[in-house]
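The values are calculated or read from the model by the stated rules, or taken from the named source; none is laboratory data. Everything quoted here is computed from the prediction, not taken from an experiment. Glycine gets a Cβ as well: all are built from the backbone with ideal geometry, and neighbour counts include every protein chain shown.
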Amino acid sequence: MCAFNRLDSGELAVDGLPLSQIAAAYDSPLYVYSGAGIRDAYRDFAAAIAPVNGKVHFAMKANSALGVLALLAHEGAGADIVSGGELSRALAAGISASDIVFSGVGKSKAEIEQALAANIGQINAESPAEVAMISAVAKSMGVVAPVALRVNVDVNAKTHAKISTGQRDTKFGISTDQNEAADLYRVMAADPHITPSGLAVHIGSQLRDMAPFETAYTALLDLGMALRADGLEVPVLDLGGGVGVDYDHATPTDFTAYGEMVTRIFNKSDFKFGFEPGRAIVANNGVLLTKVIFIKDGDNKRFVIVDAAMNDLLRPTLYEAHHSIVPVLPAGSDIGLADIVGPVCETGDYIGRGRMMPALASDDLLAVLSAGAYGAVMASAYNTRPPAGEVLVLDGAIHELRAKRTVESYLAEESIPEF
């Protein structure tokens, strides 16, 4: 069942609560998440990969609201983090340090110290320089660091160039060609300050085709088996994330094909497995509510100017991403194409372009669907516009996760020098 549905009256609702009432109580623009939808998506993913010995680590970069993380932690999820700040968030949300995986190519010395002090479960290293730094920090702290090696198997995920990470010309991972990854793993295994935790791979985001996954996973398995044949410990194969979602219809993601593929490749091996879904758990379980400010009829197109902007939802501007946009209340038939744009002083400030829309008027409420991932986490205060707040609806109750900040709070963070 979709997280957001129409009531008998025709109004869009979440968990039976009309979105117009939520917007009236918390103002717009506003992110609204379905707790039941997030919970169900996590359970569906966990069930799909249940035939293998796996642990799910939610990719926090998709949505790092403490309330969302706490809900997933309650369901048994760990966390995949990419910064020291996300480590602090994961711990604050109640995620066990042992269930945290630290990914990313540019961890600072301070972040590595923070991770080792917290005793997290796994650090994914992506370069010889990073392995050396982790070793040096671990030595200085008198600890042994759990390190997995992220490899690059040169797989084209055939997704957007800015979210494709599995090819040689990206900054991610150690090449498996010419034994580079295998040789670095041997260096890790010989280091007294490192415990080799295994191998990791992540080839990109928003993959709807299973073939690139299968190619990457098979290569990872082959490398893991080869290292084991050399007598090295390779306890974990971290399979990353990247399962795509349906942005056109905002329907729940079906993980069946992914689970069947993982089971077919790995069910005869005795590795432990890590999984790092993010978008697939939260994207279609969140909407961005926005009100119409004005309707402007240009020479050759209609502009629907709304109170949400690129500082609230950057994906359309950054990735040319598509989000379905629908009226919250029942509306008449579509009358023609329109661009849904924000107030920010940029031509690139749009939520959607060339959309068939009905007649609209000031104060009409629109829902930007599939906004639960890479929405609020990428928001900014550009143009000194405090970004949208966030609420979670769970079991019929509305929980304010983060109130919309005020301009005054931003000004209070700054100072003016004496001239």
Hits in region 157-205 - residues which are within 17 Å of M261 (Cα to Cα) and at pLDDT 90 or above: V201, H202
Can you run down the residue pairs with Cβ atoms below 8 Å, 6 or more apart or on separate chains, where the first is in region 83-103 and in the same structural domain as L71 (by TED's automatic domain parsing) and at pLDDT 95 or above and the partner is outside any helix (DSSP H, G or I) and surrounded by fewer than 16 Cβ atoms within 10 Å (Cβ to Cβ)? G84/S108; A97/N119; S98/N119
Within region 27-49, the residues that are more than 17 Å from L239 (Cα to Cα) and outside any helix (DSSP H, G or I) are D27, S28, P29, L30, Y31, V32, Y33, S34
Return a yes/no flag: does region 262-270 have any residue that is at pLDDT below 95, outside the structural domain of S205 (by TED's automatic domain parsing) and not β-branched (V, I, T). no
Among A321, A250, the single one that is in contact with a Lys or Arg (Cβ under 7 Å, 6 or more places away or on another chain), buried (at least 16 other Cβ atoms within 10 Å of the Cβ) and assigned to a loop (DSSP other than H, G, I, E, B) is A321
Which pairs have Cβ atoms under 6 Å, sit 6 or more apart or on different chains, and link a residue in region 249-272 that is on the phi > 0 side of the Ramachandran plot to one that is β-branched (V, I, T) and surrounded by 12 or more Cβ atoms within 10 Å (Cβ to Cβ)? none
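Here's the yes/no breakdown for (1) assigned by TED's automatic domain parsing to the domain that holds A226; (2) among the aliphatic types (A, V, I, L, M); (3) at pLDDT 95 or above; (4) farther than 17 Å from E233 by Cβ:
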position: K109; (1), (2), (3), (4): yes, no, yes, yes
position: I112; (1), (2), (3), (4): yes, yes, yes, yes
position: I123; (1), (2), (3), (4): yes, yes, yes, no
position: P128; (1), (2), (3), (4): yes, no, no, yes
position: S140; (1), (2), (3), (4): yes, no, yes, yes
Kindly list, by first and then second residue, each pair from a residue in region 34-52 that is at negative phi and of a type in the set (K, R) to a residue that is at pLDDT 95 or above and not in a loop (DSSP other than H, G, I, E, B), limited to pairs with Cβ atoms under 7 Å and residues at least 6 apart or on different chains. R39/L71
Please state which one of A331, A367 is surrounded by 12 or more Cβ atoms within 10 Å (Cβ to Cβ) and at pLDDT below 95. A331
Among the residues of region 271-313, which ones are polar (S, T, N, Q) and in contact with a strand residue (DSSP E or B) (Cβ under 6 Å, 6 or more places away or on another chain)? N285, T290
Positions within region 83-100 being under 16 Å from the mean Cα position of the chain (by Cα) and either closer than 14 Å to G121 by Cα or surrounded by fewer than 16 Cβ atoms within 10 Å (Cβ to Cβ) (or both), in sequence order: G85, L87, A90, I100
Could you go through region 122-135 and let me know if any residue there is part of a helix (DSSP H, G or I) and without any contact (Cβ under 8 Å) to a residue 12 or more places away in the chain. yes
In region 50-62, which residues are closer than 14 Å to A280 by Cα and not in a helix (DSSP H, G or I)? V56, H57, F58, A59
Criterion: buried (at least 18 other Cβ atoms within 10 Å of the Cβ) and either assigned by TED's automatic domain parsing to the domain that holds A309 or at pLDDT below 95 (or both) - qualifying residue of L227, L289, L239: L289
Residues being assigned to a loop (DSSP other than H, G, I, E, B), over 29 Å from the mean Cα position of the chain (by Cα) and not polar (S, T, N, Q): count how many of those fall in region 330-342. 3
Take R89 and decide whether it is touching a helix residue (DSSP H, G or I) at 6+ places or on another chain (Cβ under 9 Å), in a helix (DSSP H, G or I) and at negative phi. yes
Just to be sure, is E276 modelled with pLDDT under 95 and closer than 20 Å to A62 by Cα? no
